[in-house]
Amino acid sequence: MDKIVITGGQRLCGEVRISGAKNAALPILASTILGGGECVITNVPRVADVLTMGKLLGILGASVSHEGNRAVIRAEVIHSTEAPYDLVKTMRASVLVLGPLVARWGEAKVSLPGGCAIGSRPVNLHLAGLEKLGADISIEHGYITAKAKRLKGARIYCDTPTVTGTENLMMAASLAEGTTVIENAAKEPEITDLANFLIKRGARIEGAGTDVLTIDGVRELQRGDHEVIPDRIEAGTYLAAGAMTRGDVTITHCRPAHLEAVLMKLREAGAEVQVEKERVRVMAPDRLKGTDVRTLPFPGFPTDMQAQMVALMTMAEGTSVVTETVFESRFMHVEELRRMGADIRVEGNRLVVAGRPGLTGAPVMASDLRASAGLIIAGLAASGVTEVQRVYHLDRGYERIEEKLRALGATIERRKAGAATTGR
Ligand code: EPZ
C-alpha cells in the first residue's frame, strides 16, 4: 500500500486549482441510467470513487469513456440491473444506481453497502422513499431488490436530510407517473448540481437547494452535457492547509458561496480570508485562535471538513470544542493526531481540543477519506517527518493531492508500496 511522506514546517504559498466535486459527479454519472443517449460530463475529478462509478456503469452494460476530466457515457441501454457486492463494498455511493435502475427498468438488485469507518450508514430512508413511490423492496442475502412496473409520484418525508437519499429519490421521481414532493430534503450544492443536469435533460424539478423538492415525472429524459461544480470540500481542505502552515494560499475555480460556513470559521480562528469571484485567498501569519465548530447539514459547517478543522485546532491558541452531529463515529483521526502530540479529549459526539504550540511528525494510519486529509494537514505543520499509510483512502476523493501541495511549497512525496526509501 502506498504511503505519503511529509516533512513538515513549510509555509504553503501560491495558487491551487480546485477540481470538480466528487459528490456531484457520482450522482450525475449514475443519473445517465435514466436514459436519453450520450451524455458528456466535464470537470469530472479523476479520483478512485468516480472511476469505481464508471466501472459499475460498465458492469451494468453502459459504455463509459473517461479521459482526463471528461466522461462520455451512453447508458440508455444496459444488460444488467445488478450492482454486485464486490464493487459496492468498495464504494457505498454505488447505492446511487438503485433509484435510476428501478425508475428506468422497473427492477434493481443492489448490494447493501454495509457500514464504514464513520458510522453504520443505513439506507433505510432511500428504501422507505422508494416504497412510497410504489416499489416492492426486499432485502435477502445482503442485497436490496426493488421492483416496480412504473413508479408513481408520492409525498415523501425524510426523517433526516440524507444527501444520497435525496439524490436517489429525486432521480427515481423524475420518471415516476405524477408528482412527487420530497420534504426535509437535503440542500447540499451537489444535489442542486444533479437537479440542474436532470432539468437540462427534460426533468421537471423545483426547489433544488431547499428542503422541499417537487418533481413532476416525465416519460423519458433526453441526453445532456454538464460541467460538474467545484469540490467545496477539496477547497476547504486546501484553505485549512494554508491556514495551518501560516501560509498564503489562493484557491481558484471554486464557488465561495458553497464555502460560507468554512470561511466564517477560518475568520473566527483569526485567519484573513479574501473572497473574489471564483477565488478565495487565506492568510494566517500568526498562530490561530481556538474556535468551536458544530457540524450540520448544508448550509451548516460540513461534516466532511470536521477532521481538517480538528487538525487545525490542535495547534491553535486555547481550547476548541468540535461537535459532530451528522455521523455517530467520525473520530478515527483522533487517535492518530494524538500520536503526533495533539491533546484531544472525546466526550460522546464532542471533541475537546486543547491547542498545543506544535505537533511532531509520526507514522500514522489513514482510516477514511476525510480523516486522511486531517492527518495530511497536521503533517504539513508538524516538526519532522509524518508518514500517512493506506493513502488509498485519500485517493478516493482528492485528485493529485501531493502534486497540488508540492506546488504550494510542501515537502511531500508518495512512496509506492515496497519502493526503496530514499534514505532521508
Ligand atoms: C453523503 O453521504 C456524502 N457522500 C458524504 O461524503 C457526506 O459525509 C454525507 O453525505 C453528509 O454530508 C456522497 O455524497 C457520495 P447522508 P450520505 O445520507 O448520503 C443518516 C465524503 O467524504 N441516514 O446525508 O451517505 C446517516 O446515518 C463522504 O465524500 C439514515 O439514517 O450521507 C447520517 O447520520 C463521506 N438513513 C445522516 O443520515 C438513510 O437512509 C446523513 O447521511 C440515510 C442516511
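The table below lists the values:
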| read-out | value |
| --- | --- |
| Filter result (surrounded by fewer than 24 Cβ atoms within 10 Å (Cβ to Cβ) and either within 11 Å of Gly217 (Cα to Cα) or within 13 Å of the ligand (Cβ to nearest atom) (or both)) within the stretch 194-203 | Gly202 |
| Residue match in the stretch 337-350 (condition: assigned to a helix (DSSP H, G or I), under 24 Å from the mean Cα position of the chain (by Cα) and either within 16 Å of the ligand (Cβ to nearest atom) or surrounded by 23 or more Cβ atoms within 10 Å (Cβ to Cβ) (or both)) | yes |
| Flag if Arg46 is over 20 Å from Met170 (Cβ atoms), within 15 Å of the chain's Cα centre (by Cα), modelled with pLDDT of 95 or more and not in a helix (DSSP H, G or I) | yes |
| Tally, over the stretch 167-193, of residues that are within 19 Å of Val40 (Cβ to Cβ) and away from the ligand (no atom under 14 Å from the Cβ) | 0 |
| Test: residue in the stretch 75-90 that is in contact (Cβ under 8 Å) with a residue 24 or more places away in the chain, touching a Lys or Arg at 6+ places or on another chain (Cβ under 9 Å) and under 29 Å from Val280 (Cβ atoms) | no |
| Exclusive hit being over 23 Å from Ala48 (Cα atoms), open to solvent by less than 10 Å² (accessible area, probe 1.4 Å) and in contact with a helix residue (DSSP H, G or I) (Cβ under 6 Å, 6 or more places away or on another chain), set Val353, Val388, Val364, Val334 | Val353 |
| Qualifying residue in the stretch 152-166 (condition: in a loop (DSSP other than H, G, I, E, B) and more than 15 Å from the ligand (Cβ to nearest atom)) | yes |
| Among (1) within 16 Å of the ligand (Cβ to nearest atom); (2) open to solvent by 10 Å² or more (accessible area, probe 1.4 Å); (3) not acidic (Asp, Glu), the one test that Leu375 misses | (2) |
| Residues satisfying the stated conditions in the stretch 121-136, i.e. within 12 Å of the ligand (Cβ to nearest atom) and not in a helix (DSSP H, G or I) | Arg121, Pro122, Val123 |
| Residues of the stretch 310-325 that turn out to be of a type in the set (A, V, I, L, M, F, W, C) and touching a strand residue (DSSP E or B) at 6+ places or on another chain (Cβ under 8 Å), as a count | 5 |
| For Ile144: the one exception among (1) more than 18 Å from Asp86 (Cβ to Cβ); (2) within 16 Å of the ligand (Cβ to nearest atom); (3) assigned to a strand (DSSP E or B) | (1) |
| Members of the stretch 75-120 found to be of a type in the set (A, V, I, L, M), assigned to a loop (DSSP other than H, G, I, E, B) and either more than 15 Å from the ligand (Cβ to nearest atom) or open to solvent by 30 Å² or more (accessible area, probe 1.4 Å) (or both), listed by number | Ala75, Val77, Ile78, Leu112, Ala117 |
| Strands (runs of 3 or more DSSP E) wholly inside the stretch 219-283 containing at least 2 residues that are open to solvent by less than 20 Å² (accessible area, probe 1.4 Å) and under 28 Å from Leu29 (Cβ atoms) | 248-252 |
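The values are calculated or read from the model by the stated rules, or taken from the named source; none is laboratory data. All of these numbers come straight from a predicted model, not from anything done at the bench. Every residue, glycine as well, gets a Cβ built from its backbone with ideal geometry; the counts of neighbours run over all protein chains shown. When the accessible area is computed, the model is the full protein with side chains, heavy atoms only, and any ligands, DNA or RNA have been set aside. Shrake-Rupley method; radii C 1.70, N 1.55, O 1.52, S 1.80 Å.
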